[in-house]
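To keep things clear, I will list the structure first and then write my remarks on it.
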Amino acid sequence: MRIGRLDRQFFERLFAALMPLLAVLVAFLIGAIILLLQGVNPIEAYQAMIVGAFGSKNGLADTLVKAIPLMLVGLGIAIAFRGGVINIGAEGQIIVGALFSAFIGIQIGEQIPGFLGILLGILGGTLAGGLWGAIPGFLKARLQVNEILSTVMMNQIAIQIGFFLLRGPMIDPAEVEAGTNIPHSARLPRTVDMPRFTDMAESIGLTQSAEEAGISGYLGELYAVLVEPSRLHSGLIVAIVMAILIYIFLWRTTIGYRIRAVGLNTAASRYAGMQVQRTVVLSMTLSGMMAGMAGAVEILGLHHRMFEPLAVSAGYGFSGIVAALFGKLHPLGIIPASIFFGGLLVGGDKMQRATQVPQVLITAILGLVVLLVITTDYFVKKRANRRVRVETDDTPPDEATAVSTPEASA
């Protein structure tokens, strides 16, 4: 009987893991139908998308660059969802994190060692995003204000603050002197530029290009991403390390367990003596911190100056939700999910240029993926609950409690 139960559990986990992939395939199938209606060959369109995102050094580098903020935002979304709250305010948290990190870089970047400047810039952006997330968390916990509405409104406030600062206190003095008044900040000191992969490769003695090293084919493209000049920066390492740390935090610490417990059952957690309101605020704060870190890394690693707020956030606050859901709200699952959706964003541009399809089609496909992933997740949970009920009915009383615990059903 024990072997049969283990087999069923393995099948259920495999079923749950494959369902998001099925959702993506169905979304692409619907997208193919739309392409056919527009007179475009879907095979050629999707081929241009895949090759553009993963088929060359530049495509791979751009995909990984897009994946960095998606990963960090997705990790924050996972914390919030695990804590039973919904964070739609990552766009605003990215903006305030980017603003604060740019301010720190401009003010003290040349006065301290570069590594310390980068660390302070990331830390400042992270704390600013956490503060921006804590506000709707507090409103939710104390006043029962719907966090969806409050986070959306906080997005708009962050956007307007960004425009005000970039047209006034933070505007580049060179723009004022030239009379152009383009709303962006001064270029950050180069000492606070996050190292790029080519810089790190050179520091360990890897200076040969793929052609010089005699590496050809796709392996050469992978080698070139790591060694040859590209936009790929060390923020990717930061994001992956944060994914591992958040996994440890959520599944190996008492505070992480409390966050997940409150998200699973608020009433039971309160009955067990947990501080539910405090946990809600903490969940939103940590979620905002990850989005703020994404904004800081974008400034220090990629843009090196603050400019139009919506261009900096670039929709990552919403796309990060898709990546988090596709990764099953698991920190380690968010890593490949972010790379996949980064490839979708990069490949969508390539597909648009190759087949002249509108960019909004990619947005539609992302929306379909969200809808189908949520739908499949509902069926997976319903199937799991039914399995737990069946096993509980068939299990002796001393084993039934163990089967129905949250850890067993996770």
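The values are calculated or read from the model by the stated rules, or taken from the named source; none is laboratory data. What you see is a predicted model; the values in this text were computed from it and never measured. Using ideal geometry, Cβ is built from the backbone for each residue, glycine included, and neighbour counts are taken over all protein chains shown. Note: accessible area is taken over every heavy atom of the protein model, side chains too, but ligands, DNA and RNA are not part of it. Shrake-Rupley method; radii C 1.70, N 1.55, O 1.52, S 1.80 Å.
Worth pointing out:
- Taking the 1.4 Å solvent-accessible surface of the stretch 139-244 as the whole, the part contributed by carbon and sulfur is 63%.
- Average accessible area per residue (Å²) across the chain - probe 1.4 Å, nucleic acids and ligands excluded: 49
- For the chain, the relative contact order comes to 33 percent (Cα pairs under 8 Å, sequence separation of at least 6).
- Cross-link reach is defined here as a Cα-Cα straight distance under 22 Å, omitting same-chain residues fewer than 8 places apart; for LYS57 the lysines meeting it are LYS66, LYS350.
- Among the chymotrypsin sites (Phe, Trp or Tyr not before Pro) found in the stretch 11-110, not one is both in a DSSP coil and sparsely packed, with 12 or fewer other Cβ atoms within 10 Å of its Cβ.
- Mean separation of Cα contacts under 8 Å, 6 or more apart, over the residue count of the stretch 247-373: relative contact order %: 14
- Segment SER203-THR180, length gained on full extension (0.36 nm per residue, minus Cα span): 4.3 nm
- The stretch 20-161 - percent relative contact order, Cα under 8 Å, separation 6 or more: 22
- By the Kirkwood approach, averaging reciprocal distances over each pair of separate Cα atoms, the stretch 224-281 gets a hydrodynamic radius of 13.8 Å.
- Residue-averaged [θ]222 nm for the chain, counting only DSSP H segments that reach four residues, each worth -39500 (n - 2.57): -25500 deg cm²/dmol
- Take VAL297: with every protein chain present and a 1.4 Å probe, its accessible area is about 0 Å².
- Membrane-span-like helices of the chain, defined as complete DSSP H segments with a Cα extent of 24 Å or more along the helix axis and a mean Kyte hydropathy of at least -0.5, are identified as 2-37, 57-82, 90-108, 114-143, 147-166, 235-252, 276-298, 331-355, 360-394.
- Simple label model, 7 Å out from Cα along Cβ direction - LEU18 to GLN144, nm: 4.5
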